[in-house]
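Everything on this sheet refers to the single structure shown next.
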């Protein structure tokens, strides 16, 4: 229902408000407005909600939040509903005659819902105006259903569904009894704007929205979220997997004469439903969620997943620009098919690599003949260019590559238009790459497209389907890998399988052999202390993602709960991206939690993380170390949001020198490549680089410039941090909570300990408890003494209280 407190009116000074309203009904001073209900991902319109306003000659436009209470006080709700029904149905009939019949959504008051003649009235109007039942959706406030006998309410809703109309339960929030939702028949649930207003800020309410979404999907109903007013709400709802919504962020209410239905014809999801199709308890085919189709072929999945790239390829071909596409082999033929079909060109296939590679003159002549006969309206498609010419960058061209260079660069009457494909793991010589005016890289999946690539049955396998969580596990998949994995899950698991169990089953489907992409589950509440570090990190995450971090530093919320982020302007977004850091270098003694911080950051960003051990990048072969680094960043860009984590960062980021030995030249080249990658960040990509080191003084100063990597000290924990760390590890090892006095004792006598050494104290106690020993004060003291001896006897690197940056 439309709300606007700014337009509220008081009528206590009016002598006869009921008479005024009754006259307005007779004089047609009321007017209907229509607000679209849209799909959050595709922006398709699924229905138009009908809103009634009073165009009063003296008071101006009176909105529903003032009009409906007046009608209720005046006893005119039933008459008002009847007027709305008749006029809205007449408008639908007009639209149907024009060839465009969008579904409409109407509110029913309690006075109308339980009126004896309601069903007959609606049936008569539908028949007189020739409107099929599925064109109409009735919205009913759940509060008035909860106030009557459940059987009576269920019977009336079933009677409306018997007319093939759809029923929506309106204004759902955290107070709705789930038992009521189980008892009533309905097709749609509408989540109240009060939930939307605080989504992403009040996390209990955010959980309520997620619960209502899951409940609706489980019941086979379509959830719609109302009151979407700004970009922050829009993005949060997308992350929660919400499909349909309405609000001023999506569209505003309009009069019927202001709506150009012909312009919206391609947007509207037409309802196609036989009049004898039973609807009670079933989801109408027209409102079957577009992101969760019943079936999805691999060919269609490729078209949906890479629609933007396919459109760009087709546009380049139409403008006679040759295109080199870098993508996995599994995608090649389907992308080529869709791109050529979308363009105005005709494909000429030259996809037999054996024929091209063969050195016999007959095959070379055949390809030359093919090129000579090419017409301007044709495009030569090379599915396997990389297989033919794969060549190490530092080697001379192989014979097949030399042959192809001569053929493709040969002067001809019509320069052949080319569409070629190469796998990221193979190398195409630069001279051949330069033959293509445009290069497009197609990699992982986009978060917003993911719901479109999951079928309804696959979604229902998850006990709690979460788009953000699934994306972290499959971001680096190509869409064929994704479809294979989801089909396997659907085939081998029953509906409602625990989500974590299904996500673990996805890991073997990853084909990334050289670089490990992890999905961290470490959260900031698992890191004790370090409030100042957390504040710096939280600010960076918010600048990168545009979302506040749902954690606190030492108990104080970083973003106040009552702070509602407004819609971000283009200028505001550009400023935020300019302020966002490229990454961090965490430095400090070993065992202080630098890796934990990196994993928690990735988790808060809903990102995957590549865990790279610095020395693994280095190679004895010239140029291979830089190539390894390029591959790491390329993979991260394909799988954004992403975090790249370099352990032992000093091993690849050491100070450059003027020495001419091979080791110095290699380090200089790697650092230069790292600088190139950092300076080549796309502002729209959520990508963060994190390095850890015990020796910040060894890092090249160019990397530590403010515009690149921000150094942050992770020092030994102080007293309060040690207390928190000990408590966290006691819970982690399932120990009975130690008394505060014991925690204080351990924290006081462990000064200079790292977080890892504090963990060892609790780990040793847990081992004794598992062996059946009695855990008492002496147990903790004994284990503390053991770790203290280790601490004294082993050499520890220390900065002697000095900041290496100074």
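Using Cβ contacts closer than 10 Å as the measure, can you line up 211, 206 from fewest to most?
Neighbour counts put them in this order, fewest first: 211, 206.
To the nearest 0.05, what FRET efficiency results for residue 774 and residue 694 with a Förster distance of 45 Å applied to their C-beta separation?
0.70
Could you work out the relative contact order of region 719-793, using alpha carbon pairs under 8 angstrom and six or more residues apart, expressed as a whole percent?
It rounds to 32 percent for region 719-793.
Evaluate E = 1/(1 + (r/R0)^6) for residue 86 and residue 260, where r is the Cβ-Cβ distance and R0 equals 22 Å; express this FRET efficiency to the nearest 0.05.
0.35
Mind giving me the nanometre distance, one decimal, between the label points for residue 531 and residue 734, set 7 Å out from Cα along Cα→Cβ?
That separation, rounded to one decimal, is 3.4 nm.
I need 778, 720 ordered by Cβ neighbour count within 10 Å, fewest first.
Result, fewest neighbours first: 778, 720.
What distance in nm lies between label points placed 7 Å from Cα along the C-beta direction at residue 539 and residue 657?
3.7
For each of 373, 594, 329, count neighbouring Cβ atoms within 10 Å of the residue's Cβ, then give the residues from fewest to most.
Fewest to most other Cβ atoms nearby, the residues stand as 373, 329, 594.
If you take every DSSP beta bridge fully contained in region 16-276, what fraction is antiparallel? Give it as a percent rounded to 5.
Restricted to region 16-276, the bridges split so that about 45 percent are antiparallel.
All of the numbers you see were taken from the coordinates with simple rules; none came from a lab. Everything quoted here is computed from the prediction, not taken from an experiment. For neighbour counting, all protein chains shown are included, and Cβ atoms are generated from backbone atoms with ideal geometry for every residue, glycine included.
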